1. Has the range 47-62 got any residue that is assigned to a helix (DSSP H, G or I), of a type in the set (D, E, K, R) and at pLDDT 80 or above?
2. Go through the range 384-420 and count every residue that is within 21 Å of Glu281 (Cα to Cα) and assigned to a loop (DSSP other than H, G, I, E, B).
3. Hey, Gln379 hits all of (1) surrounded by 12 or more Cβ atoms within 10 Å (Cβ to Cβ); (2) in a loop (DSSP other than H, G, I, E, B) but one; which does it fall short on?
4. With Ile34, Ile44, Ile12 as the choices, which residue is modelled with pLDDT of 75 or more and touching a helix residue (DSSP H, G or I) at 6+ places or on another chain (Cβ under 6 Å)?
5. Go through (1) surrounded by fewer than 18 Cβ atoms within 10 Å (Cβ to Cβ); (2) over 45 Å from the mean Cα position of the chain (by Cα) for Phe353 and report which single condition fails.
6. Please tell me if Leu327 is in a helix (DSSP H, G or I) and not assigned by TED's automatic domain parsing to the domain that holds Asp410.
7. Kindly list, by first and then second residue, each pair from a residue in the range 302-317 that is within 17 Å of Leu357 (Cα to Cα) to a residue that is assigned to a helix (DSSP H, G or I) and of a type in the set (Lys, Arg), limited to pairs with Cβ atoms under 7 Å and residues at least 6 apart or on different chains.
Amino acid sequence: MQLFYRFLLKEIRLIDGVEVYAKPLAAGIAFVVICALAYLAYLIARRFMAMVVSRLAAKTETQWDDIMVENHVFKGVANLVPALIFFYTANFAGPDASFFTTTPDAATLKHLSVDFYLNLDDFLIRLSKLYLIGIAAYLINALLNSVLGIYNTTQYAASRPIKGYIQLIKIFIYGIAIILMIAYLFKKDPWDLVIGLGTMAAVLLLIFKDTILGFVASIQLSANKMVSLGDWVSVPKHNADGTVIDITLNTVKIQNWDKTISTIPTYALVADSFSNWKGMEESGGRRIKRSVLIDVNTIKFCDTEMLERFEKFDIIRSYVIEKEKELKEYNQQKNIKDEDYISGRHQTNVGIFRRYLEVYLENHPRVHNNMTTLVRQLQSNGKGVPIEIYVFSKEQEWAKYEALQADIFDHILAVIPEFELRVFQDISGVDFARGIQARSLTDRT
């Protein structure tokens, strides 16, 4: 390009009357030619990327090249071509180029403020560097987006998301690009700008507090495998309960079961407590933990008639017979009579009821028998004696899980009277009305 510029300069100087303006005219024509060549090179590069690279990417079986096309990586490469042309041809005018071969009137030049343009090479080189830095930042951003897209296709993406790290690298790249642009634009040392920014560290820490906290929190979440995309989490403090759909440097998005989306700061998952149901989903079962309150007044020893009736039920017949045999042998060894309920061992209706629930749940086709199955009696309170059901359902889907839980307790509530037990229930207005009605009938008789 220097040869072309010197050729133009030589030819223009041969024209009478324009010798004084030979350099600016030659430089202007050369600059227009450079712009035309850069634009033509861009069109060719973009056409090549569209017709060759994109088509090849579509035909290959791998996904990474398709992801790079979607994130405009090759478009960035096409933009890089004119940037390089500008950069390597910016010094076409030579180290001592100025707009005028002679300076007829220094006062006039100062008045017209053309001192800035006396070194054409310096101006064009700085301009080309700004363009090159901008295109490079764009290309790196596209490459980082492609890296994220390619990583999300791997098996590690769900358990170790890297979107937060990619965003941090982008911030770092953009920061460097801005510093370099300012430095080249005003002819400053980039390190001087960095040192100057150090004085603003306190302000920057306040401005980017959430970003810094989010970055640290994202490292902890990823390193400790606390939460991943697709996990079902519950964050009571933020009223969030649903599936994690996005994890970024600053926020975690959770789609609740009512289809609303909660946006939670990333550091909140580290600072506050939350529940991750991933372990439940991977186990193959979902816990059922619910109690039935038994009225204490209905708990009693089983008499002969009651035992005979229980023996008619197939599900607990063997238990009732074997247990009664065991208790009778014990009482006989201790010389305790059958009617001595205080000194001897006897079956109770609530004990048989607990055993019935154990067998019923063990035989239930939708209860996970390979996991904990427990029917236990909790400490009694003013509401009665709680009999807690602690089992795991094979159904993990919310609707099916709730339906199974309802079916189990529907059956339990319906079968309780068969054991001459009663579920505790607070007194209501209906109970008072029945009591008054019964009392009035008694008085009449």
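The values are calculated or read from the model by the stated rules, or taken from the named source; none is laboratory data. Remember, predicted model here, so these are calculated numbers, not experimental data. All Cβ positions, even for glycine, are placed from backbone atoms using ideal geometry, and neighbour counts span all protein chains on display.
1. Within the range 47-62, the first condition is being assigned to a helix (DSSP H, G or I), and the residues that meet it are 47-59.
Checking the rest, the ones that are also of a type in the set (D, E, K, R) come to 47, 55, 59.
Filter once more, so that each one left must be at pLDDT 80 or above: 47.
Within the range 47-62 (the criterion being assigned to a helix (DSSP H, G or I), of a type in the set (D, E, K, R) and at pLDDT 80 or above), the answer is yes, since at least one residue qualifies.
2. 4
3. Only one criterion in (1) surrounded by 12 or more Cβ atoms within 10 Å (Cβ to Cβ); (2) in a loop (DSSP other than H, G, I, E, B) is unmet by Gln379, namely (1).
4. On the way: Ile44 fails: touching a helix residue (DSSP H, G or I) at 6+ places or on another chain (Cβ under 6 Å); Ile12 fails: modelled with pLDDT of 75 or more.
Being modelled with pLDDT of 75 or more and touching a helix residue (DSSP H, G or I) at 6+ places or on another chain (Cβ under 6 Å) holds for just one of Ile34, Ile44, Ile12, which is Ile34.
5. Only one criterion is unmet by Phe353, namely (1).
6. Numbers: in a helix (DSSP H, G or I): yes; not assigned by TED's automatic domain parsing to the domain that holds Asp410: yes.
Yes: the conditions hold for Leu327.
7. Glu311/Arg317; Ile316/Arg355
Residue-by-condition table, conditions (1) at pLDDT 75 or above; (2) under 29 Å from Asn224 (Cα atoms); (3) in a helix (DSSP H, G or I):
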{"site": "Tyr88", "(1), (2), (3)": "yes, no, yes"}
{"site": "Thr101", "(1), (2), (3)": "no, no, no"}
{"site": "Ser146", "(1), (2), (3)": "yes, yes, yes"}
{"site": "Gly149", "(1), (2), (3)": "yes, yes, yes"}
